[in-house]
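The values are calculated or read from the model by the stated rules, or taken from the named source; none is laboratory data. Owing to the predicted nature of the structure, the values given are computational and were not obtained by experimental measurement. Cβ sites come from the backbone with ideal geometry, for glycine too, and all protein chains shown count toward neighbours. Ligands, DNA and RNA are stripped out before the accessible areas are found, and what is left, the full protein with its side chains, is counted by its heavy atoms. Shrake-Rupley method; radii C 1.70, N 1.55, O 1.52, S 1.80 Å.
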Amino acid sequence: EKQGYDWFMRKEIYEQPQAVADTLLGRYNEDGSLKLDELHIPEAELRTIDKIIIVACGTAYYAGMVAKYAIEHWTRIACEVEIASEFRYRDPIITPRTLVVTLSQSGETADTLMAIRHAREQGAKVIAICNTNGATIPRESDAVIYTHAGPEIGVASTKGFLTQVAACYLLGLYLAQVRGTKFGDEIAAIMGELAATPPLIQRVLDEIEPIKQLAAKYAEQKSVLFLGRHVGYPVALEGALKLKEIAYLHAEGFPAGELKHGPIALVENQIPIFVVVPPQGRDQLHDKVTSNIQEVRARGAFTIVLAEDDDEEVIPYADFLFRLPKVSTLMQPLVATVPLQMFACELASLKGYDVDQPRNLAKSVTVE
Ligand code: M6R
């Protein structure tokens, strides 16, 4: 049931505050400590882990890229992220001390399933983060953390992405708690930030109208670029994937620092470039990204800047400015991805495409 929305995708974009809240529900205590009862892996075993490998495909892979920053930062365990279809073909180094974390909305993605089978054959423990109860991937894993997003019907994943990030953060904080790499009060503070995101996602949705109007300008556009750094980089990749999938236009995401190493040659007059700007203040990357905005604008780009409230430094270089609520760097993907999803949804809809069932794509890819 679309409940009055034109597309399931749009409905699912609007469901994100609730979906993230439901994913967090019951998984932390009042004192801010984590409680992941469903992780049936003994704590002693979690203490011996010396490497984490996240395997996933598509949007879930980008959620994994976001998670890597948080997991390494909080747990100090080395964390790799790999496209599931590439994983087992490179003879990856896996030992019984390797923890493989797999992200899959459907739980039926064949590439991901083959990757975890391979990991388990080599003796690794596998934790699945999945949105579908009893699907094949969680059944074949050692433990599962369900993202309680509710069914996702649109082929383009939206609430799947946000809830995967949220679930990975719960896992990261839990590992930090078990291994003692963060003090209890630090964990409680971060958990507090995470728990505070649903109303902030709602605020982004309440203020989304200008993004829809912006999309109307680009019905004839051939190419759109996205820039970000740190966790903003996978957000950029995700924004580009949404546009490819449903609006059928060429879109690419780049780490903003890579611009000068090649991609800046693509910048031509009036090309729209989305830039995800890290929070100000303590975040040293803020100023670097601000100069990247100037660089592309000086070469004729139309800059679409996503920056937090009170960030005045970006104002002179933003042809279009969308305000994000103030959050810490690691929480920013949960708010910054939403306008990019809506931009793609609106543009595809205006072009008359079937937003929920884009050409050539299936909701779950059950062949390798
Ligand atoms: O069900 P999964 O999370 O395993 O699916 C993985 C990808 O196939 C999926 O995210 C795909 O990239 C989406 N269509 C993206 O919108």
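The condition of being at pLDDT 95 or above, touching a strand residue (DSSP E or B) at 6+ places or on another chain (Cβ under 7 Å), under 16 Å from Lys217 (Cα atoms) and not β-branched (Val, Ile, Thr) holds for Leu340.
Being within 16 Å of the ligand (Cβ to nearest atom) and farther than 18 Å from Ala128 by Cβ: is that true of Ile13 here? Yes. Within the stretch 1-44, the set of residues being touching a residue at least 24 places away in the same chain (Cβ under 8 Å) and either of a type in the set (Asp, Glu) or at positive phi (or both) comprises Asp6, Glu12, Glu15, Asp22, Asp31, Gly32, Glu38, Glu43.
Has the stretch 34-55 got any residue that is at pLDDT 95 or above, buried (at least 18 other Cβ atoms within 10 Å of the Cβ) and not aliphatic (A, V, I, L, M)? So far as the stretch 34-55 goes, no, none of its residues is at pLDDT 95 or above, buried (at least 18 other Cβ atoms within 10 Å of the Cβ) and not aliphatic (A, V, I, L, M). In the set Ala70, Ala84, only one residue is under 25 Å from Thr329 (Cβ atoms) and either under 13 Å from the mean Cα position of the chain (by Cα) or modelled with pLDDT of 95 or more (or both); that residue is Ala70. Annotation: of all residues in the stretch 227-241 being aliphatic (A, V, I, L, M) and touching a helix residue (DSSP H, G or I) at 6+ places or on another chain (Cβ under 7 Å), the one that is farthest from the ligand (Cβ to nearest atom) is Leu227. What tally of residues in the stretch 257-281 results from selecting those that are in a helix (DSSP H, G or I) and out of contact with any Ser or Thr (no Cβ under 9 Å at 6 or more places or on another chain)? Count: 8. Only residues that are in contact with a Phe, Trp or Tyr (Cβ under 7 Å, 6 or more places away or on another chain) and closer than 19 Å to His230 by Cβ: list them for the stretch 306-335, please. Leu306, Leu330 - these are the residues of the stretch 306-335 that are in contact with a Phe, Trp or Tyr (Cβ under 7 Å, 6 or more places away or on another chain) and closer than 19 Å to His230 by Cβ. Quick check, is Phe343 outside any helix (DSSP H, G or I), in contact (Cβ under 8 Å) with a residue 60 or more places away in the chain and open to solvent by less than 10 Å² (accessible area, probe 1.4 Å)? Against the criterion (outside any helix (DSSP H, G or I), in contact (Cβ under 8 Å) with a residue 60 or more places away in the chain and open to solvent by less than 10 Å² (accessible area, probe 1.4 Å)), Phe343 does not qualify.
Of all the criteria given as (1) crowded, with 24+ Cβ neighbours inside 10 Å; (2) more than 20 Å from Ala166 (Cα to Cα), the one not satisfied by Glu121 is (1).
Mind checking which residues of the stretch 222-248 are over 22 Å from Val277 (Cα atoms) and without any contact (Cβ under 8 Å) to a residue 60 or more places away in the chain? If the condition is that a residue be over 22 Å from Val277 (Cα atoms) and without any contact (Cβ under 8 Å) to a residue 60 or more places away in the chain, then Lys222, Lys244 are the ones that fit.
Take the residues of the stretch 242-256 that are assigned to a helix (DSSP H, G or I) and out of contact with any helix residue (DSSP H, G or I) (no Cβ under 7 Å at 6 or more places or on another chain): which is nearest to Gln284 (Cα to Cα)? Explain how you work it out, then say what you get.
Taking the stretch 242-256 and keeping what is assigned to a helix (DSSP H, G or I), we get 242-247, 256.
Subsequent filtering for residues that are out of contact with any helix residue (DSSP H, G or I) (no Cβ under 7 Å at 6 or more places or on another chain) retains 244-245.
Details: Lys244: 31, Glu245: 33 Å.
The residue in question is Lys244.
Looking at Leu330, Leu334, Leu350, Leu321, just one residue is open to solvent by less than 20 Å² (accessible area, probe 1.4 Å) and either under 18 Å from Ile208 (Cβ atoms) or more than 16 Å from the ligand (Cβ to nearest atom) (or both), and that residue is Leu334. Please specify each residue of the stretch 264-284 satisfying the condition of being buried (at least 18 other Cβ atoms within 10 Å of the Cβ) and closer than 26 Å to Leu330 by Cβ. Correct list: Ile273, Phe274, Val275, Val276, Val277, Pro278, Pro279, Gln280, Asp283.
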